[in-house]
Amino acid sequence: MIDRYTRPEMGRIWSEENKYRQWLEVELASAEALAETGEVPEEAVQLLRKHASFSVARIQEVEREVRHDVIAFTTVVAESMAAAGHSEASRWLHYGLTSNDVVDTAQALMLRGASEIISKGINSLSDRLKARAFEFKHTVQIGRTHGIHAEPITFGLKLALFYDEIRRNLTRFCAAAEDLRVGKISGAVGTFGHIGPEAEERICRRLGLRPAPIASQVISRDRHANYVSTLALIAAALEKIALEIRHLQRTEVREAEEPFSAGQKGSSAMPHKRNPVTAEQICGLARVVRANAQAAFENVALWHERDISHSSVERIILPDSTILVDYMLSKTEWLIGGLRVNPARMQKNLELTKGLVFSGQLLLDLAAAGMLREDAYRVVQAHAMQAWDQDGDFRAAIEADSQIAKYLNKRQISESFSVSRQLGNVDQIFERVFQPA
């Protein structure tokens, strides 16, 4: 992933230096576990732990010759042991292992680190959404369906809805991350041909992983597909939030807008512009993560006990997806935290159609008062369509209608147009969202 979207902590996890550091940790944990069972000399393991090292530049140099990254890595580590005067101990490096015992298990360690960062990001965004939901709990806003004014909501309810979805994403993500917290040290085709299951359990325990119950040469890629698809769901939720802000920032709406700093410029040609560039960026990056999920699904089916077709894909989609979701979470938290909300504009837009948005309540009240529902719908819709086409005053027309007056008096009509009546259950909704049983 390019530096523009890579935050430092996540970037370090996917650095070449850290990748080889995790490979070395798997190698050393394997040697130490085998020493406990007497299969590897204890003294050799101690020397490996003390002196084994590598140089990324040297690994790359060797790989250009041997065209195999794990062989290049073990060659360079063996060189480091020789340089320290302990060549003999290097015989026990990579003992009983195949390349993917190291690669898959180390990848699980890197994904665990990446998942911890993403989990923190989801929790941090959740806290921000919750705080702002309560801030605007009773800030009245028009709800929109199909982009058209529907019935009143509150801006706090909109944020509470986002919060609820983000919390579900956290649950899904934690489960997917836990499903990937597995290693495998079962050999070239998963049969433990050279070291036994007990050794694998010891090695994984040292690394804080669970052993995969069964593997081929690789851990089954349905786990990785599930993980990346969960990241795609997170990205989709962040896009949902960003897209809403983009709509609310439109000039005709102007109910909310993303932060705009003092020295920021919106357009090279139009000085008045304040564009929702961060929200648009989040929406764009979500497309990349979703596309990566498709690639992850393609990786599930491999030839027999393993081919290499998934490897090149994962070198891209696992770092890129976690890096992008981490970046998007940070940007969305910034967006919500600094969101400029305009309650006065929300009120103005609510009143824009002169009561038209209360047609549903009026319909119910007429039916409850004795008018046939079909007749009530016909009468209310006729006034609504006239008000819509002529930009008329819907409420005034209702109050002047003699047919409606037979069923509802002025006080009852006023109740039909009551915002507080429509929003009387906001507190109860908040209790369900933020204080679940």
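Name the helices (runs of 4 or more DSSP H) wholly within region 10-129 that hold at least 2 residues that are among the aromatic types (Phe, Trp, Tyr) and surrounded by 15 or more Cβ atoms within 10 Å (Cβ to Cβ)?
Hits in region 10-129: 16-36.
Name the single residue that is farthest from the chain's Cα centre (by Cα) among those in region 10-51 being under 22 Å from residue 105 (Cβ atoms) and among the acidic types (Asp, Glu).
This residue is 39.
Go through region 312-350 and report how many residues are of a type in the set (S, T, N, Q) and without any contact (Cβ under 8 Å) to a residue 60 or more places away in the chain.
Summing the residues that are of a type in the set (S, T, N, Q) and without any contact (Cβ under 8 Å) to a residue 60 or more places away in the chain in region 312-350 gives 1.
So which residues in region 193-239 are of a type in the set (A, V, I, L, M, F, W, C) and closer than 30 Å to residue 162 by Cα?
Correct list: 225, 228, 231, 232, 233, 234, 235, 236, 237, 238.
In this structure, does residue 375 turn out to be outside any helix (DSSP H, G or I), acidic (Asp, Glu) and surrounded by fewer than 19 Cβ atoms within 10 Å (Cβ to Cβ)?
no
Of all residues in region 422-431, how many are modelled with pLDDT of 95 or more and part of a helix (DSSP H, G or I)?
Number satisfying all stated conditions: 6.
Which residue is farthest from residue 434 (Cα to Cα), if the candidates are limited to region 176-193 and must be surrounded by fewer than 16 Cβ atoms within 10 Å (Cβ to Cβ) and touching a residue at least 12 places away in the same chain (Cβ under 8 Å)?
Selected residue: 189.
Do any residues in region 355-375 that are over 16 Å from residue 397 (Cα atoms) have Cβ atoms under 6 Å from those of residues that are among the small types (Gly, Ala, Ser), where the two are at least six apart or on different chains, and which pairs are they?
Once the first residue is over 16 Å from residue 397 (Cα atoms) and sits in region 355-375, its partners that are among the small types (Gly, Ala, Ser) give 365/416; 367/376; 373/367.
Does residue 39 qualify as being in contact (Cβ under 8 Å) with a residue 24 or more places away in the chain and closer than 30 Å to residue 282 by Cβ?
Considered against the rule, which asks whether it is in contact (Cβ under 8 Å) with a residue 24 or more places away in the chain and closer than 30 Å to residue 282 by Cβ, residue 39 comes out as no.
When you look at residue 104, is it in the same structural domain as residue 254 (by TED's automatic domain parsing) and more than 30 Å from residue 423 (Cα to Cα), yes or no?
Taking the combined requirement at face value, the residue satisfies it.
Cβ contacts < 7 Å: first residue closer than 17 Å to residue 358 by Cβ and in contact (Cβ under 8 Å) with a residue 12 or more places away in the chain, restricted to region 400-429; second residue surrounded by fewer than 11 Cβ atoms within 10 Å (Cβ to Cβ) and among the small types (Gly, Ala, Ser), any location; separation 6+ or different chain. Result?
407/370
In this structure, does residue 57 turn out to be among the aliphatic types (A, V, I, L, M), at pLDDT 95 or above, out of contact with any Lys or Arg (no Cβ under 7 Å at 6 or more places or on another chain) and under 30 Å from residue 318 (Cβ atoms)?
Yes; evaluated as a whole, the condition is true for this residue.
Provide a single number: the residues in region 292-309 that are in a helix (DSSP H, G or I) and within 23 Å of the chain's Cα centre (by Cα).
So the count comes out to 7.
Please verify whether region 220-242 includes one or more residues that are assigned to a loop (DSSP other than H, G, I, E, B) and either assigned by TED's automatic domain parsing to the domain that holds residue 333 or among the aliphatic types (A, V, I, L, M) (or both).
yes
Which of the residues spanning region 130-146 are closer than 19 Å to residue 432 by Cβ and touching a Lys or Arg at 6+ places or on another chain (Cβ under 9 Å)?
Of everything in region 130-146, those that are closer than 19 Å to residue 432 by Cβ and touching a Lys or Arg at 6+ places or on another chain (Cβ under 9 Å) turn out to be 133, 136, 143.
Those residues that are within 18 Å of residue 417 (Cα to Cα) and part of a helix (DSSP H, G or I), I need them from region 387-401; list them, please.
387, 388, 394, 395, 396, 397, 398, 399
Hey, residue 396 hits all of (1) surrounded by fewer than 17 Cβ atoms within 10 Å (Cβ to Cβ); (2) closer than 18 Å to residue 369 by Cα; (3) in contact (Cβ under 8 Å) with a residue 40 or more places away in the chain; (4) of a type in the set (Gly, Ala, Ser) but one; which does it fall short on?
Every condition holds for residue 396 apart from (2).
Please find, among 143, 193, the residue that is modelled with pLDDT under 95, not hydrophobic (A, V, I, L, M, F, W, C) and not in a helix (DSSP H, G or I).
Exactly one of 143, 193 is modelled with pLDDT under 95, not hydrophobic (A, V, I, L, M, F, W, C) and not in a helix (DSSP H, G or I), namely 193.
The values are calculated or read from the model by the stated rules, or taken from the named source; none is laboratory data. Remember, it's a predicted structure, so these values are computed and weren't measured experimentally. Here the Cβ is made from the backbone with ideal geometry for all residues, glycine too, and neighbour counts use every protein chain on show.
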